[in-house]
1. Where does each of D209, D280 land when they are ranked from fewest to most other beta-carbon atoms within 10 angstrom?
2. For region 131-200, build the convex hull from the C-alpha positions and give me its volume per residue in Å³.
3. Taking neighbour counts of Cβ atoms within 10 Å as a proxy for exposure, in what order, fewest first, do K12, K112 appear?
4. With each run of n ≥ 4 DSSP H residues scored as -39500 (n - 2.57), what mean residue ellipticity at 222 nm is computed for the chain after dividing by its residue count and rounding to the nearest 500 deg cm²/dmol?
5. Given the pairs K124/K147; K48/K136; K43/K147; K48/K147; K12/K48, which span a C-alpha to C-alpha distance of over 21 angstrom in this model?
6. With point charges of +1 on the Cβ of Lys and Arg and -1 on the Cβ of Asp and Glu, referenced to the Cα centre of region 5-227, which listed residue (A177, G143, L76) lies farthest in the positive direction of the dipole?
7. What size of dipole, in debye to the nearest 20, comes out for region 5-227 about its Cα centre when the only charges are +1 on Lys and Arg C-beta atoms and -1 on Asp and Glu C-beta atoms?
8. Over region 5-227, calculate the relative contact order: mean separation of alpha carbon pairs under 8 Å at least 6 apart, over the residue count, as a percent.
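Read-outs throughout are calculated quantities, based only on the coordinates presented, and are distinct from any laboratory measurement. Worth saying up front: this structure is predicted, and the values here are computed from it rather than measured. As a convention, Cβ positions derive from the backbone with ideal geometry for all residues, glycine included, and neighbour counts pool all protein chains shown.
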Amino acid sequence: MGIEIRVEGLRKSFGRQVIWEDVTFTIPAGEISALLGPSGTGKSVFLKNLIGLLRPDRGHVYVGDGDVPRLRENELYEMRRRFGVLFQDGALFGSMNVYDNIAFPLREHTRKGEGEIRRIVQEKMEMVGLTGAEGKLPGEISGGMRKRAGLARALVLDPEIILADEPDSGLDPVRTAYLNQLFVDLNCELGATFLIVTHDIGTARVLPDNLGLLFRRGLVMFGPREMVLSSTHPAVNQFFNARRQGPIGMAEEKDQSQIDDEGAYQAMPAPIPPQLMPSDGRVRPSMRRPGEWLRRHQVKPPPGSFIDDEGRNWMTEWDELVAERRRPR
Ligand SMILES: Nc1ncnc2c1ncn2[C@@H]1O[C@H](COP(=O)(O)OP(=O)(O)OP(=O)(O)O)[C@@H](O)[C@H]1O
Ligand SMILES: [Mg+2]
């Protein structure tokens with residue numbers, strides 16, 4: 001099963017540049033969480049702090065019974081086995097072909113023989129749609145293929161926690177849809193905890209159980225998808241609805257006079273779409289009843305929420321939907 005990550009009072013700076021301070025939240029075990037934020041707000045730096053590649057100025061990252069910034073080198077090495085990480089640039093070894101890149105963690109961290117390694121590598125390559133690219137060097141494949149090779153490599157050790165830094169950037173929309181489906185299916189099968197950094201609002205709206213926004217040197221909000229997508233918090237509303245109006249500007253922040261000039265622009269959040277479901281017909285393990293968070297907190301759903309492509313309303317027809325999904329085929 002997945003494992004939670006508890007982040008407490010985390011602060012990170014480079015010289016005099018404070019990236020973020022006092023980041024505190026829990027990434028729930030076995031759920032998919034997504035982290036968004038304007039470029040340069042420190043999302044990649046945050047992921048690197050979670051696995052101990054960068055050290056925070058202060059604060060804690062509790063994973064199991066360890067506190068990542070305080071682990072010794074050998075403990076950190078052990079801890080990293082629990083993570084599968086896809087870096088923003090894929091971080092493949094340039095002189096190694098795709099096959100050897102994906103096999104690398106198995107050779108480094110396990111005693112498996114080459115036969116078994118071949119079986120695992122081929123399975124993961126098929127999963128991400130890379131079959132046939134085994135012998136190519138990273139420099140000889142497209143950016144999207146490098147991403148998928150990085151993802152296959154992140155999966156070979158069956159990690160409890162999967163961190164993915166913009167897995168969907170550089171992918172075409174159809175591949176993005178397949179990738180999102182793959183994440184849901186993996187989460188359902190492995191029960192792993194996911195933290196995905198993305199700029200894709202479409203992905204952010206349908207894939208995760210929880211959403212977070214980094215902005216202005218802090219975590220503005222983190223919580224269940226319904227809470228974030230129905231929020232009227234100016235930055236959250238602006239970001240998740242991809243609008244110009246709001247506190248986020250082209251050069252990261254607008255000043256107050258600019259915000260005042262725009263007036264009290266307060267747009268209704270867009271409808272909350274139904275969540276992606278596993279392709280094998282099951283219901284997501286961490287799935288909450290659509291609309292439950294809203295009802296419990298007496299927040300009205302944005303009009304048109306929870307209607308799927310077939311026109312069904314997941315809020316009112318949820319019991320029927322679940323009964324259909326669980327029925328053996
Ligand atoms: N090793 C480093 N040394 C000094 N500054 C760094 C280092 N790594 C990142 N930074 C700075 O930290 C800030 C946050 O960088 P980061 O890559 O985490 O942004 P991001 O939110 O991932 O952006 P994007 O959405 O463009 O990927 C940037 O200003 C960057 O220049
Ligand atoms: Mg980044």
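1. Values: D209 21, D280 10.
Ascending number of Cβ neighbours within 10 Å: D280, D209.
2. Details: hull volume 6.6 nm³, N = 70.
In region 131-200, the Cα convex hull volume per residue is 94 Å³.
3. Values: K12 22, K112 15.
Going from sparsest to densest Cβ surroundings: K112, K12.
4. Numbers: 12 runs with 111 residues, N = 329.
Taken over the chain, the calculation gives -9500 deg cm²/dmol.
5. Values: K124/K147 13 Å; K48/K136 28 Å; K43/K147 17 Å; K48/K147 17 Å; K12/K48 11 Å.
Over 21 Å apart, Cα to Cα: K48/K136.
6. Projecting each Cα onto the dipole axis, the largest value belongs to L76.
7. On the way: 29 positive and 30 negative charges, 124 e Å.
Value, rounded to 20: 600 debye.
8. On the way: 400 pairs, mean separation 65.3, N = 223.
With pairs under 8 Å counted, the relative contact order is 29 percent.
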